[in-house]
Amino acid sequence: MVSARRSFEGTLPIATMSRLCEVLASADGLVHFELDFGRDSLGISYVDVRAQASLTLVCQRTLEPFVLPVEVNTRLGLIKLERDEAGLPPDCEPLLVAEDGRLNPVDVIEDELLLVLPLVPINPDSSLPDEVTGYEPEDDTAGDERSENPFAVLRELKK
């Protein structure tokens, strides 16, 4: 694939990626991907991975499912030995391939999608319920009138 500078483009059902499905709230949907194999000016074999998907995660703030659009755009340097990682350019992430040089494109795409997921998924449109935060709007104005600076006593001692 590298020597021929092959490119692949298509869609995959999210349900075919078992490791990714373990962290999702729903396995519905498709991943749109492009893989471009080649060799750079230094002779290093690479694969450019581009993928887009809308993944359904569980918000850890509200415990409700939400859809997170994700996008991957990564260059992976194809290496056979771990020590070859030092020879990769800085913009290239290492990908250890088998001795025969084969790799499974679905596994590569799945790995990259797993890497872009947030450690703690939180829906950006969510907020905590008022009973959890203890925030009551009617008490807010009364609090401004009677609030004192807790350091006022220290200011008096300093004088």
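Charges were assigned to the Cβ only: +1 to each Lys and Arg, -1 to each Asp and Glu. The resulting dipole of region 58-103 about its Cα centre is roughly 100 debye.
Rounded to the nearest Hz, the phi-derived 3J(HN,Hα) couplings of region 71-81 under the Karplus curve 6.51 cos²θ - 1.76 cosθ + 1.60 (θ = phi - 60°) are 9, 10, 8, 9, 10, 10, x, 7, 10, 9, 10, where x marks glycine and proline. Each Lys and Arg Cβ is given +1 and each Asp and Glu Cβ -1; about its Cα centre, the chain then shows a dipole of about 780 debye. Dipole orientation for the chain: of the candidates Pro90, Val108, Met17, Pro90 has the Cα lying most toward the positive pole (charges on Cβ; Lys, Arg +1; Asp, Glu -1).
With Cα atoms defining each centre, region 59-73 and region 79-101 are spaced 31 Å apart in the structure. Taking Lys and Arg as +1 and Asp and Glu as -1, the other residues whose beta-carbon sits under 11 Å from that of Glu71 total 0. What's the local net charge at Leu117, with K and R +1, D and E -1, over the other residues with C-beta under 14 Å away? After counting each charged neighbour, the total is -4.
Every read-out reported here was derived from the displayed coordinates using simple, explicitly stated rules and does not represent laboratory data. These figures come from a predicted structure and were not determined experimentally. Here the Cβ is made from the backbone with ideal geometry for all residues, glycine too, and neighbour counts use every protein chain on show.
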